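The structure appears below as structure tokens.
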Amino acid sequence: MSLRVTVQRAMDTTAHEVPTNQQLRRWAQLALHDRYKQAALTIRIVESEESAQLNQTYRHKSGPTNVLSFPCDAAVPLRVPLLGDVVICAEIVAREALAQHKTLESHWAHMVIHGSLHLQGYDHITPAEADTMEGLEIHLLEQLGFGNPYQPVCQHE
């Protein structure tokens with residue numbers, strides 16, 4: 001067995017443009033490849049309502065958010081590491097991509113990679129942690145042909 005990425009689409013797929021399962025899996029696998037040769041995770045695409053409910057329940061923050069990560073905390077060792085779940089809100093990703101003048105595809109790739117890195121223990125609470133995690137995100141996105149997601153995009157009129 002290799003990396004197994006399960007995709008759940010818990011939303012009306014006609015409401016927002018969402019990458020294919022193949023794209024989502026490719027991006028998650030890129031984020032995990034150097035560290036996990038065998039692992040499993042789930043990517044769940046949701047509506048704003050589910051994102052807001054999860055954000056309130058688990059982070060005590062109101063409203064939907066772009067990506068949430070829920071690392072698996074198995075009580076017993078598993079044969080194949082179950083990393084956890086990455087929950088992405090399609091509406092928020094679309095809104096952010098537009099507002100930040102990014103392609104929808106590049107922003108989706110960033111959210112999948114960002115969430116997958118959280119499942120591996122990366123975080124961005126302190127400046128040092130943020131530097132490490134963001135540097136890795138930038139490197140992985142460059143491998144996909146995408147620019148630095150933290151660099152402002154200039155708009156030419």
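Some notes on this structure:
- Within region 7-57, being surrounded by 14 or more Cβ atoms within 10 Å (Cβ to Cβ), of a type outside the set (Lys, Arg) and assigned to a strand (DSSP E or B) holds for 7, 39, 40, 41, 42, 43, 45, 46.
- Number of positions in region 104-125 that are polar (S, T, N, Q) and modelled with pLDDT of 95 or more: 2
The values are calculated or read from the model by the stated rules, or taken from the named source; none is laboratory data. All of these numbers come straight from a predicted model, not from anything done at the bench. In this analysis, Cβ positions are derived from the backbone assuming ideal geometry, glycine residues included, and neighbour counts consider all displayed protein chains.
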